[in-house]
Every structure is written in C-alpha cells, then in structure tokens.
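**Q** Just dropping this structure here.
The values are calculated or read from the model by the stated rules, or taken from the named source; none is laboratory data. Keep in mind the model is a prediction, meaning the values are calculated, not measured. All Cβ positions, glycine included, derive from the backbone under ideal geometry; neighbour counts span all protein chains shown. Ligands, DNA and RNA are excluded from the accessible area calculation, which covers all protein heavy atoms including side chains. Shrake-Rupley method; radii C 1.70, N 1.55, O 1.52, S 1.80 Å.
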Amino acid sequence: MSGYTEKVVKNFTNPQNMGEITNPSGVGTVGSKQCGDIMRMFLTVEGDVITDAKFKTFGCGAAVASSSMATQMVIGKTVFEAMELTNMQVVEALEGLPPEKIHCSCLAEEALRAALWDYSQKSGVTIPGLSAPDDPADM
Amino acid sequence: MNGQIYFDNASTTRLCAEALDAMMPHLTECYGNPSSKKYSLGADARSALEKARETVAAALNAEPDEIYFTSGGTESNNWAISGAAQKTPGGAVVVAATEHHAVLKAAAAQKKFGHETVIVPVDGLGFTDTDALRAALEKKAAVVSVMLANNETGTVTRFGPIEQAAHERGVLLHTDAVQAAGHIPIDVKKLNADMLSISAHKFYGPKGVGALYIKRGTDIGPFVFGGSQERGGRAGTENVAGIAGMAEALRTAAAKIPEETERLCALRDRIIGYIKQNIPHAYINGAEGAFRLPGNVNFSMLYVEGDYMLDLFTQSGFCVSSGSACTSGLPGSSHVIDALYAHSPHRGTVKGTARITLGRYNTEREADALLSALPEIVKKLRDNLLYEEFIKSQGK
Ligand SMILES: Cc1ncc(COP(=O)(O)O)c(C=O)c1O
Ligand code: FES
C-alpha cells in the first residue's frame, strides 16, 4: 500500500521509546546528508548495560520506525554489543524498508553511535571501533 | 481506516462511466484506422474522431479545426513551446515560476536552439507578477506560457493582464489549462490565448490522451513527424478510444461545473477553515475563493517533515500528495511552494506541505473523516525536534 511493511507502519504510528531522558549517560545528535533530517538518541547506562534508550527526531516515518526499533533492540545490551548494531539489522527487524528509505535507518545507527561516543567520553570507557561522529552543524 | 480515501484528484481522476461507454466500441468492434476512409470500419473511426473534435471544441468555445489531439498535457505543452519557439529565432521562452515541469523543462530544452528561458516570479498567492512579465517582454521573445490554474496550489490565473502583456508585444501566448479544463469554465475566445493544453485524465477521462488548442491563423511548427494525421502537426495513428473518452469526459465535466463548483468549494473551504483555526503555524498556500480551484487544499506546516506528513496521511487512510515529492533533493520542497514563499518571512524555514485535492467522487463523509483524523496526525507531526526547539525559542 505504501511500500512499508506492517512492522514499519506499527513502529511509526505507535513508536516505542520516543521522548527524552533527563541526565542521560550519553546523548548524540546526527543529521542525514541525503535528506537533511535529524535524529537524537539518549542512553542510560548502568554498569556497562544500556537500561534505557529514547529518541527524538525530525525525520520521516521510516526514521521514526528505525529508531523505535533500534532503541528496543539495544535496551538490555552492553554498550559493546550495542556498538555492533547496524542499520541493516534494524531494517531486517522491521522486515524491510523501501530502497529509497534505507538512508533513514542509517540515522538510527549513527545516532546510537553518537550517543555511545558521548557516553564513552563522559565515562572514560573505551568502546572498540567507535569514533567521533560528524558534527550535524557541518551538514 | 482501512479503505483508502482518494484525495489526490489533481494527480489524476477516476474514469467516469460516460467516458468508458464512449471508449468501449473503439476498444472492441470499431477498430478501424481513421485514415482508412474507403470502408466503413475506417470511416466510422474517422467520424468518431471528428465528432470528438467537435465535442472538445464546443466545451472550450473553440472551432473544431483548432483542436489537435495529443498524448496528454505533457506533449501538448512541449508542442506549444517548441512549435512556437522555432518560429522566432533567438526569441526567449517566457514562463511563470510556478509552471509544471512539462512547461519548465520544455522551455529549458529550447536553450540549445538559441532560446533562453526567462522565469517570471509570482506573488505570495501564486499570481504571476505582470510588471516582471512586461519587463521580460522588452527583449525579443518567442512565446509566453502562463498556466491557467496551478496543479499544486490551485491558484487560478488572472489571465487578462497576461494576455495584454503578451499580445501588446506581438508574442505568442500559451496556457497550460490541464488543471483548469473540466473544473472551471474555459472560453478560448474570451481568454484569447493562442494555444491551450488539456489532458483527459485530469477531468475523469483516460490517461495518455490530451489536446492542444491552436487558434486559427497561429503559425507554429509541427511536433511529431510522419503521416498527415492532425493536419501534419502530430503524426501517428490516433488514439481513437482515448479521444472518444476524453470528449465525453470533457462534455460531462463541463456540464457539471456549476453544481460541482458549489459542492467542492464548500468542502474545500470547510477543510481550509479548519486548518486556519486549529493548526498553529500552518499556512494555506495559494489564493482564495474564485481564484482557487474548487477542490484544492494546500497547506504548509512550519517545522514539520514533509515525508512524515505523507506517511501519516497514507497510514490514516488518505491518498494525498506532497505537491511535488519527486522533484528535488529535499523531501517536501517544491519549486512552486518555494516561489510563493520567496518574499515570505517563512522563506527557507523547514516546512512540510500537503496537497489535498477533492473531486467528483468524494463525499462530505470523506471530508468529515479527514477532519476527524487531522488532530492526531498534527499531534504526531509536531512531536519532533525542530518544532520543540522553535517553541522554546519563542519563549513558550
Ligand atoms: C498543470 C499540469 N500540466 C501538465 C501536466 C501533465 O499532464 P499529463 O500527465 O497528461 O502529461 C499535469 C499533470 O501532471 C499538470 O498538472
Ligand atoms: S527521508 Fe529523511 S529520515 Fe527518512
């Protein structure tokens, strides 16, 4: 009907974990080079386990669905495990996205990594493979 | 919720029964080639074709020999622009900023033949700036093309001053009436354009068929080369079924204009009134009242993501359009909306735009369904980063 799977539609008409965390362990904001949209992700980390994740976005339905799904997928994971999450795993969990909407799922992955980076900077915990995100103001 | 409500009638319309009935014989037993006049199968096709020409002409107050059948609005526009341009070497093609791509790109394509494109700005409601048009016509021009009604905003052109400006300078005048035909009265003698484009699928006729009106005595070049069909201007065996369907569709639509205008304007204005009263930081795009197409609602919401807007309308069961989703890099941005906002304080502000176009088969209940769904859609749209920041920056 719209090129979206039922899972995608469910996750953007009734998104999970949309909102903010006050005093997050890590927060990151990224922008998309393709469409100019923005994603912010908040994490609460206890020990090295992500106990809460929330997001706020200025994005399309696919972006909302991707971050709704990504936050659900990382809660309960360690920060090291969360680091391994890719946008394609999110797409798979959503049972697919139209090709022109794949870039929207990248926003979720990149925002998660930006939040992890912020966490690692604040906590001094080194997460292998993680690097500083691009500044959204540059895009 | 599950059934889709079709509110995208500016994009295309459902074929009406009258058109289908007129087409069926030509898709079945009346299969002759209109050029094979010697036997009755061909002669019948020919007479259907010429009858359709008379019907289309009558609906526009034109003469039958001024109607040339084409494959649709895009082809008619392309023919008008290129056919006129080639008659004035070195003359500019002068178009309004809000023209359909079928005009803008046809104009741009004339550059390689030595015709520059001059784009005339519009005001905040979408009306062509007549002073700018006059200024543009101080240089040598081949053709002026200003649409009769805009496909995105529904703004209906004040044609008189444009006609004067073009003809004072002796420049050929074309109008893209694709959105106007069958929806508002058209009288080519009063308009006094030299060429006018229509497309059947916008007025409940079939897709892939249209016409170009060319005023008697207007000298433009041919468009498709081959046989002598359409008096050598547009070669190729005619789409007889499509043409017969178009003629019936236009006759039917033109007859219904008075009642449909009243009914659709009432629905339109209810939706517009709701948006104005209930959605903060939302703006209606285009003109009002008689200067707006009866079924057109077009609005922008500041700090709303355009694609998300469409996603939510679609999932709520409404077929609407973003105006021009596929035209530029950024979702939701359209050259028409940008042209209207050129002088606005909200120029350059991120906004989502939706076009809701009502038609003959839409009911009051469907409009009610939209109004009941809007609050939830708006709430979801506003729950975003940029709108929050904007509200904070307003000190609220
Ligand atoms: C104003 C205008 N001109 C031209 C066209 C193109 O017409 P067609 O689809 O018949 O080629 C359209 C429709 O898309 C239109 O709205
Ligand atoms: S189009 Fe920008 S996030 Fe999907």
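**Q** Collect the residues in segment B:339-361 that are without any contact (Cβ under 8 Å) to a residue 24 or more places away in the chain and charged (D, E, K, R), keeping them in residue-number order.
**A** Taking segment B:339-361 and keeping what is without any contact (Cβ under 8 Å) to a residue 24 or more places away in the chain, we get B:345, B:347-348.
The answer is B:347, and nothing else.
**Q** Restricting to segment A:1-51, name every residue that is within 13 Å of another protein chain (Cβ to nearest Cβ), among the aliphatic types (A, V, I, L, M) and surrounded by fewer than 18 Cβ atoms within 10 Å (Cβ to Cβ).
**A** A:1
**Q** Next question, about the same structure. Would you be able to say whether some residue in segment B:152-169 is crowded, with 24+ Cβ neighbours inside 10 Å, of a type in the set (Asp, Glu) and under 21 Å from residue B:336 (Cα atoms)?
**A** So far as segment B:152-169 goes, yes, one or more of its residues are crowded, with 24+ Cβ neighbours inside 10 Å, of a type in the set (Asp, Glu) and under 21 Å from residue B:336 (Cα atoms).
**Q** Kindly provide the set of residues from segment B:67-94 that are open to solvent by 10 Å² or more (accessible area, probe 1.4 Å), within 12 Å of ligand 1 (Cβ to nearest atom) and closer than 10 Å to residue B:106 by Cβ, ordered by number.
**A** Result: B:74, B:75, B:78.
**Q** Within segment B:41-48, is even one residue among the aliphatic types (A, V, I, L, M), over 16 Å from residue B:242 (Cβ atoms) and touching a helix residue (DSSP H, G or I) at 6+ places or on another chain (Cβ under 8 Å)? Working first, answer last.
**A** Start the filter on segment B:41-48 by keeping residues that are among the aliphatic types (A, V, I, L, M), which leaves B:41, B:43, B:45, B:48.
Okay, now just the ones that are also over 16 Å from residue B:242 (Cβ atoms), so B:41, B:43.
Pick out the ones that are also touching a helix residue (DSSP H, G or I) at 6+ places or on another chain (Cβ under 8 Å) and you get none.
The answer is no, given that none of the residues of segment B:41-48 is among the aliphatic types (A, V, I, L, M), over 16 Å from residue B:242 (Cβ atoms) and touching a helix residue (DSSP H, G or I) at 6+ places or on another chain (Cβ under 8 Å).
**Q** Between B:125, B:104, which is away from ligand 1 (no atom under 16 Å from the Cβ) and open to solvent by 10 Å² or more (accessible area, probe 1.4 Å)? Write out each step before concluding.
**A** Details: B:104 fails: away from ligand 1 (no atom under 16 Å from the Cβ).
Matching residue, one of B:125, B:104: B:125.
**Q** Something else about it: Among A:82, A:62, A:70, which is the only one that is under 23 Å from residue A:98 (Cα atoms), away from chain B (no Cβ under 13 Å) and open to solvent by less than 30 Å² (accessible area, probe 1.4 Å)? Spell out the reasoning first.
**A** Numbers: A:82 fails: under 23 Å from residue A:98 (Cα atoms); A:62 fails: away from chain B (no Cβ under 13 Å).
That would be A:70, the only listed residue that is under 23 Å from residue A:98 (Cα atoms), away from chain B (no Cβ under 13 Å) and open to solvent by less than 30 Å² (accessible area, probe 1.4 Å).
**Q** Separate question: Condition first: exposed (fewer than 13 other Cβ atoms within 10 Å of the Cβ) and away from chain A (no Cβ under 14 Å). Now tell me which residues in segment B:347-359 satisfy that. Walk me through it before giving the result.
**A** We begin by selecting, within segment B:347-359, every residue exposed (fewer than 13 other Cβ atoms within 10 Å of the Cβ); these are B:347-348.
Hit for segment B:347-359 is B:347, nothing else.
**Q** If you don't mind, another one. Quick one: residue B:316 ticks every box in (1) more than 14 Å from every other protein chain (Cβ to nearest Cβ); (2) surrounded by 16 or more Cβ atoms within 10 Å (Cβ to Cβ) bar one, so which box is it?
**A** Tallying (1) more than 14 Å from every other protein chain (Cβ to nearest Cβ); (2) surrounded by 16 or more Cβ atoms within 10 Å (Cβ to Cβ), residue B:316 fails exactly one: (1).
**Q** Taking residue B:38 as the residue in question, decide whether it is open to solvent by 60 Å² or more (accessible area, probe 1.4 Å) and out of contact with any helix residue (DSSP H, G or I) (no Cβ under 9 Å at 6 or more places or on another chain). Full working, then the answer.
**A** Values: open to solvent by 60 Å² or more (accessible area, probe 1.4 Å): yes; out of contact with any helix residue (DSSP H, G or I) (no Cβ under 9 Å at 6 or more places or on another chain): yes.
When the stated conditions are applied, residue B:38 passes them.
**Q** Please return the ranges of helices (runs of 4 or more DSSP H) entirely within segment B:232-343 where 1 or more residues are under 21 Å from residue B:6 (Cβ atoms) and more than 16 Å from ligand 2 (Cβ to nearest atom). Give the steps one after another, and end with the answer.
**A** On the way: elements: B:240-278, B:306-315, B:335-340.
The qualifying helices (runs of 4 or more DSSP H) are B:240-278.
**Q** Answer with yes or no whether residue A:54 is surrounded by fewer than 24 Cβ atoms within 10 Å (Cβ to Cβ), within 14 Å of another protein chain (Cβ to nearest Cβ) and in contact with an Asp or Glu (Cβ under 7 Å, 6 or more places away or on another chain).
**A** On the way: surrounded by fewer than 24 Cβ atoms within 10 Å (Cβ to Cβ): yes; within 14 Å of another protein chain (Cβ to nearest Cβ): yes; in contact with an Asp or Glu (Cβ under 7 Å, 6 or more places away or on another chain): yes.
When the stated conditions are applied, residue A:54 passes them.
**Q** Answer yes if at least one residue in segment B:3-14 is in contact with a Lys or Arg (Cβ under 9 Å, 6 or more places away or on another chain), in contact (Cβ under 8 Å) with a residue 12 or more places away in the chain and farther than 30 Å from residue B:364 by Cα, and no otherwise.
**A** So far as segment B:3-14 goes, no, none of its residues is in contact with a Lys or Arg (Cβ under 9 Å, 6 or more places away or on another chain), in contact (Cβ under 8 Å) with a residue 12 or more places away in the chain and farther than 30 Å from residue B:364 by Cα.
**Q** Every residue in segment B:278-293 that is more than 27 Å from residue B:394 (Cβ to Cβ), open to solvent by 10 Å² or more (accessible area, probe 1.4 Å) and in contact with a helix residue (DSSP H, G or I) (Cβ under 9 Å, 6 or more places away or on another chain), please.
**A** Across segment B:278-293, the qualifying residues are B:288, B:289, B:290, B:293.
**Q** Given the conditions (1) open to solvent by less than 10 Å² (accessible area, probe 1.4 Å); (2) closer than 24 Å to residue B:98 by Cβ; (3) away from ligand 1 (no atom under 16 Å from the Cβ), which single one is not true for residue B:192?
**A** (1)
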